[in-house]
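Report on the following structure.
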Amino acid sequence: MNKVLKAALAYLDLGWNVMPIRPDNKKPYLEWLPLQTERVEPYEVEGWWLRYANPNVGIITGSISNLVVFDLDSQLAKDRMRLEGMPITPVSATSKGNHVFMNYPSVLVGNKTDQKIGMDIRGEGGYVVAPPSVHETGFIYNWTKLHPWNAKVADLYPWMIEYSQEGSSADPKERGWQTDMLQGISEGGRNQAAASLAGRFLNKDLSAPEIIEILMMWNERNSPPLPESELIRTVTSMAAKHNRRDR
């Protein structure tokens, strides 16, 4: 079996959503918006590797994979991470630096680019290229001594959460899904919002039926509301992912 395909299936088994990435420009081969809220199945992954030419593997970040990744592209970024504190967690080597894999927190985390220090964040709506993908320069992405099979993905330290929220216009206590999402979402972001809300409620130990009941009321505020079957499918998919992670 192709080693990149083998890795993609292994990541999927960890509960991480994956997709095929073009080897020349790090762009997805396919329209990947649905993959931000819908679980990928092994047969789909195997089909992609038959369909596309030598794809790299991308891991979709955010609540669907329960992942936030810090992308350290400079020595300054690495120094900041060491200075502020970094837990034992999986770390991969990239062509410029490292990807630090962390659990998705109980607040909404999107994507952030900090060109001043070369530290980026990939959360909801983001993805990273993962080992053993081959960069266009020939560099092979690889796991450091800390990888997903010998180190559990750690929770974000408080400074990481604060850093991820810097630049938001909202008050820190009121940021995220508790206010913006619960007011209702327009058509373009309903699925992603439903998945994010389901993930947060699952982390609070609510059951799938309880979450469905809550989100049915929330869905009435959306413009237009999601189809009921789609909302239920999103919640049950997130619950299945959450149960696999807890085993």
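A few comments on the model shown:
- Members of segment 66-86 that are within 27 Å of Ala198 (Cα to Cα) and modelled with pLDDT of 95 or more: Leu67, Val68, Val69, Phe70, Asp71
- Conditions (1) under 11 Å from the mean Cα position of the chain (by Cα); (2) at positive phi; (3) without any contact (Cβ under 8 Å) to a residue 60 or more places away in the chain: number failed by Gly62: (3)
- Restricting Met102, Met86 to residues that are of a type outside the set (Gly, Ala, Ser) and part of a loop (DSSP other than H, G, I, E, B) narrows the list to Met86.
- Residue in segment 44-51 that is acidic (Asp, Glu) and touching a residue at least 60 places away in the same chain (Cβ under 8 Å) present: no
- Just one of the listed residues (Tyr141, Tyr127, Tyr163, Tyr157) is in contact (Cβ under 8 Å) with a residue 12 or more places away in the chain, surrounded by fewer than 17 Cβ atoms within 10 Å (Cβ to Cβ) and among the aromatic types (Phe, Trp, Tyr), namely Tyr157.
- Being surrounded by fewer than 21 Cβ atoms within 10 Å (Cβ to Cβ), of a type outside the set (A, V, I, L, M) and either part of a helix (DSSP H, G or I) or touching a Lys or Arg at 6+ places or on another chain (Cβ under 9 Å) (or both) is a property that holds for Ser229.
- Matching residues in segment 41-69 - criterion: being touching a strand residue (DSSP E or B) at 6+ places or on another chain (Cβ under 9 Å) and under 28 Å from Ile161 (Cα atoms): Val57, Gly58, Ile59, Ile60, Thr61, Gly62, Ser65, Asn66, Leu67, Val68, Val69
The values are calculated or read from the model by the stated rules, or taken from the named source; none is laboratory data. No experiment lies behind these values; they were computed from the predicted model shown. Neighbour counts run over all protein chains shown; Cβ positions are idealised from the backbone, glycine included.
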